[in-house]
Amino acid sequence: MIEAWSVADVRAAEHPLLAAGDPLMERASFALATIVARDVARRRSVVGPDGGRRDGRVTGARAVLLVGPGNNGGDTLFAGAHLVRRGMGVLAVLASEHVHGGGLAALRRAGGRVVELVPESGGEGGASRWGDPDPATVEDAVSRAVGADVVLDGLLGIGASGALRGPAAVLVRRLVEVLGARTDRDERGGDGSVRSRPWVVAVDVPSGIGVDDGTLPGTVLRADRTVTFGAAKPGLLVPPAAGAAGHGAVVEIGLALGADPAGPPGPAVRRLEARDVGRLWTVPGPEDQKYTRGVLGVVAGTPTFPGAAVLVTSAAVRTGPGMVRYQGPDDVARAVLAARPEVVPASGRVQAWALGSGVPAAAAGGAGHDEPDPGGQHARIRAALADAAGDPGGATSSGGPVPTVVDAGALSLLPDRCPPWFVLTPHAGELATLLQGRGEAVDRPGVEAEPLRWARRAHELTGATVLLKGSVTLVVGPARVYAQADAPAWLATAGAGDVLTGILGVVLAGHAARAVAEPGSVAELAAAAALVHGLAAERANPGGPISALDVAAAVPGVVCELVAAR
Ligand SMILES: NC(=O)C1=CN([C@@H]2O[C@H](COP(=O)(O)OP(=O)(O)OC[C@H]3O[C@@H](n4cnc5c(N)ncnc54)[C@H](O)[C@@H]3O)[C@@H](O)[C@H]2O)[C@@H](O)CC1
Ligand SMILES: [K+]
């Protein structure tokens, strides 16, 4: 599991170490330089006499450091000094009136070059604040950066507030413009080394992201790798900022996060990895039978949209439940049975529900009793929701409260307050509609700009666990947030969400009692389902187009691997 800690928690953990004189910056910058040198060697890898690739030379490679006012710039300057000692040509671009004095001195001692960013006019008399550095205009600095093998973004770290300001902002905007015009596809020189664009390494975080909330308040230089110190930060996992972080590397610097019982209750954001999911998967034993393994009840699809019912049930059957029961109009049930004869088209006891995929929303603003109910599905969903909440007036097929996936049209049928074992699975547009219905002035772009904020708000307003679908799937439940980024971009295809509903329903059915008794566990189960969904998509057709049914077909293989590896 990757655990991301808030800025306040990182600073609190850092405090006693700094007070005791621990050399945190030395540790951080040495590790940073080591990772940068390794990346550069790989980027400069060449074809050997045997035809295989081998790492290229670090000596002679060029690094440009973008240096801001704080300790983030300090880390970068000290790392630059290490890179000079490894034979690299290092140029620091000072983008701030003040920079870390010790770091600057170290870089100079090592033999690194320093230029000071000045306005395009040439620097108003050229008086330098740094003794001797040459002035560099933004265009100079950009052309040096673009021609380098690696650029270290050390403008701002966890001390950032809001969008980058001043000369650093101008520099980054121009650099993004110029780099954006270059192809991301590697171009290789005659010796096989990569030539097309510099490798960008963000120091601790891409400068100017919302470190705690994952927002992008202004232009940010997209990194190929982020080397982060002590622990991951929420903005490295949460969209949209997560999209600027590239590959991750967490450098251990001795912070005792989570070790203090009086300290913060846990990380701000978590990301499950495959081994975590393998461990929590329910594997049947000889004493199990279909009813003990978990029965999922599905209400999905309408005569107009029968495909969703087929997709939900197909994915469910392939995720390994004891049984899947389907409730819906006869012609939809026939389509389901034609695709999956294992499905039982009758009501009965269930350990979890999956509701609403392929069912249109009820009209906004009312209970919806007067509007046409497509195939009677709204009535079935209402009954199941009451049943799942443990409402004594509800249907009695589950015999008690049970965890429930609330998807698509079922989101419009929710009661005002839900139990946390309801998992709402909106995409950004559906979340905006749900929030508008509860008095929030937010539209789809607003949700996309601040998905964590709005998923949290939906959790507060409804009480339910909220799984917000997207290229990074966010799950917000009681006291827990997960951000899963397991799916390839090819998964953005019609029906993919229905497959997730089926997988999640079966995961919940397999842990039904725990989900109700320990509401905090529901978010983890939902994140696990998102991970399986993403891995199944990757497995369905690595690197190419994926159909939703192919994702469902890939689920058994993924589960098998996860369980085998635990
Ligand atoms: N927390 C830790 O455990 C460690 C932190 N280290 C480094 O220290 C960094 C934090 O250092 P600082 O607290 O000095 O913070 P930063 O290096 O992020 O710099 C913050 C300063 O930048 C300016 N600033 C803030 N927002 C700005 C904006 N939008 N535009 C322009 N200027 C802005 C302000 O003057 C502020 O004081 C970390 O990110 C990391 O790189 C490391 O040295 C190792 C240990
Ligand atoms: K940075």
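Remarks
- The listed residue being in contact with a strand residue (DSSP E or B) (Cβ under 8 Å, 6 or more places away or on another chain) and outside the structural domain of residue 165 (by TED's automatic domain parsing), out of 268, 262, 223: 268
- Residues satisfying the stated conditions in segment 205-229, i.e. in contact with a His (Cβ under 9 Å, 6 or more places away or on another chain) and either more than 14 Å from ligand 2 (Cβ to nearest atom) or part of a strand (DSSP E or B) (or both): 225, 226
- Count of segment 230-278 residues, restricted to those that are surrounded by 17 or more Cβ atoms within 10 Å (Cβ to Cβ) and in a loop (DSSP other than H, G, I, E, B), is 14.
- Within segment 146-156, the set of residues being closer than 13 Å to residue 176 by Cβ and away from ligand 2 (no atom under 14 Å from the Cβ) comprises just one member, 146.
- Residue 477 at positive phi and more than 11 Å from the chain's Cα centre (by Cα): no
- Residue within segment 349-363 that is under 17 Å from residue 506 (Cα atoms), part of a helix (DSSP H, G or I) and in contact (Cβ under 8 Å) with a residue 40 or more places away in the chain present: no
Quick grid of which residues meet (1) touching a Ser or Thr at 6+ places or on another chain (Cβ under 6 Å); (2) assigned by TED's automatic domain parsing to the domain that holds residue 471; (3) crowded, with 22+ Cβ neighbours inside 10 Å; (4) part of a loop (DSSP other than H, G, I, E, B):
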{"residue": "402", "(1), (2), (3), (4)": "no, yes, yes, yes"}
{"residue": "405", "(1), (2), (3), (4)": "yes, yes, yes, no"}
{"residue": "411", "(1), (2), (3), (4)": "no, yes, yes, no"}
{"residue": "417", "(1), (2), (3), (4)": "no, yes, no, yes"}
{"residue": "435", "(1), (2), (3), (4)": "no, yes, yes, no"}
{"residue": "441", "(1), (2), (3), (4)": "no, yes, no, yes"}
{"residue": "446", "(1), (2), (3), (4)": "no, yes, no, no"}
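- In this entry, residue 302 passes the filter for residues that are surrounded by fewer than 24 Cβ atoms within 10 Å (Cβ to Cβ), out of contact with any strand residue (DSSP E or B) (no Cβ under 7 Å at 6 or more places or on another chain) and in contact (Cβ under 8 Å) with a residue 60 or more places away in the chain.
For every residue, the table says whether it meets (1) among the small types (Gly, Ala, Ser); (2) touching an Asp or Glu at 6+ places or on another chain (Cβ under 8 Å).
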| residue | (1), (2) |
| --- | --- |
| 486 | no, yes |
| 508 | no, no |
| 511 | no, no |
| 535 | no, yes |
| 565 | yes, no |
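- Test: residue in segment 511-523 that is among the hydrophobic types (A, V, I, L, M, F, W, C), in contact with a strand residue (DSSP E or B) (Cβ under 8 Å, 6 or more places away or on another chain) and under 18 Å from residue 470 (Cα atoms): yes
- Matching residues, segment 291-307, being in a helix (DSSP H, G or I), modelled with pLDDT of 95 or more and farther than 18 Å from residue 379 by Cα: 307
The values are calculated or read from the model by the stated rules, or taken from the named source; none is laboratory data. Note that the structure is predicted; figures quoted are calculated from it, not measured. Backbone-built Cβ (ideal geometry, glycine too); neighbour counts: all protein chains shown.
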